[in-house]
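Single-structure report; data block below.
The values are calculated or read from the model by the stated rules, or taken from the named source; none is laboratory data. Everything quoted here is computed from the prediction, not taken from an experiment. Glycine gets a Cβ as well: all are built from the backbone with ideal geometry, and neighbour counts include every protein chain shown.
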Amino acid sequence: MKKILSLTLTALLLAALLAGCGGAGGGAAEEKGITGSWAADVDMTEYLNEMLSEDEEIGQFLTLDNFTIKLLAEFKEDGTYTMAGDPESAQAAMDSLKEQLKGALTDYLQAMIDESGMDTTVEELLKEADMTMEDLMAEMDEAYNAEDLVGDLNTEGKYLFEDGKLALSDSLDEEADIAEYEAATLEGDTLTLTGGEDADSEFAGLYPIVFERQ
């Protein structure tokens, strides 16, 4: 069960998705084009459901309706950036996940009871273990919460934007390397990341990521 709960942490991969590293580069003219504040609604629903479908234990009982987190970015004139998860959207996503997981866990436990031939209910089974479903949810809330999720998404570093490529370092002590990039298109107040050939295929299900200028 811990394996399933840990799927909520795949949202943390967003930080890696947008991170680059290595040597310095140019691109000052295009950098000015993305200077400012941006926000993107990153819909991870399909991505997470594909992962859930591969789990033989509970995948058949849980299909997420929605898991979307707003990602906030600021690109500064000095070539640095900050990236952060929006607390309100992260809380909403986690609340929705926990509610759906509660139902899935109930169905999963009932299926186990039926398979075993036991004449009992989920509630009675948990009572024998001196637990309730609310206790299980409380444990999950303690282990995986929106505050931690947002905290792990927060990052800062240096950036380069040139020739349709956006490169980010994962700290202010490192220079961005344009050789390690996300394919990016800037059209007016819309910045779209599409991954491209050199992007990590592990994150293909998250593209496109569309930022709107704030």
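Conditions first: (1) more than 30 Å from E175 (Cβ to Cβ); (2) exposed (fewer than 15 other Cβ atoms within 10 Å of the Cβ). M94 passes all but one, so which condition is the exception?
Unmet for M94, out of (1) more than 30 Å from E175 (Cβ to Cβ); (2) exposed (fewer than 15 other Cβ atoms within 10 Å of the Cβ): (2).
Mind checking which residues of region 75-90 are free of Cβ contacts under 8 Å to residues at least 60 places away in the same chain and surrounded by 16 or more Cβ atoms within 10 Å (Cβ to Cβ)?
Across region 75-90, the qualifying residue is only S89.
Taking the criterion of being out of contact with any strand residue (DSSP E or B) (no Cβ under 8 Å at 6 or more places or on another chain), surrounded by 18 or more Cβ atoms within 10 Å (Cβ to Cβ), assigned by TED's automatic domain parsing to the domain that holds L71 and not aliphatic (A, V, I, L, M), would at least one residue in region 119-133 satisfy it?
Checking region 119-133: not a single residue is out of contact with any strand residue (DSSP E or B) (no Cβ under 8 Å at 6 or more places or on another chain), surrounded by 18 or more Cβ atoms within 10 Å (Cβ to Cβ), assigned by TED's automatic domain parsing to the domain that holds L71 and not aliphatic (A, V, I, L, M).
Which ones in region 41-72 are over 17 Å from Y207 (Cα atoms) and surrounded by 15 or more Cβ atoms within 10 Å (Cβ to Cβ)?
Answer for region 41-72, where residues must be over 17 Å from Y207 (Cα atoms) and surrounded by 15 or more Cβ atoms within 10 Å (Cβ to Cβ): L52, I58, G59, F61, L62, L64.
Of all residues in region 158-191 being modelled with pLDDT of 95 or more and closer than 23 Å to E46 by Cβ, which is surrounded by the fewest Cβ atoms within 10 Å (Cβ to Cβ)?
Filtering first and then ranking leaves T190.
Quick check: anything in region 64-86 under 13 Å from the mean Cα position of the chain (by Cα), at pLDDT below 85, more than 30 Å from Q110 (Cα to Cα) and not in a helix (DSSP H, G or I)?
The answer is no, given that none of the residues of region 64-86 is under 13 Å from the mean Cα position of the chain (by Cα), at pLDDT below 85, more than 30 Å from Q110 (Cα to Cα) and not in a helix (DSSP H, G or I).
Restricting to region 91-119, name every residue that is farther than 30 Å from D152 by Cα and either out of contact with any helix residue (DSSP H, G or I) (no Cβ under 6 Å at 6 or more places or on another chain) or charged (D, E, K, R) (or both).
D107, A111, M112, I113, D114, E115, S116, G117, M118, D119
At pLDDT 90 or above and out of contact with any strand residue (DSSP E or B) (no Cβ under 7 Å at 6 or more places or on another chain): which single residue out of A92, A104 fits that description?
A92
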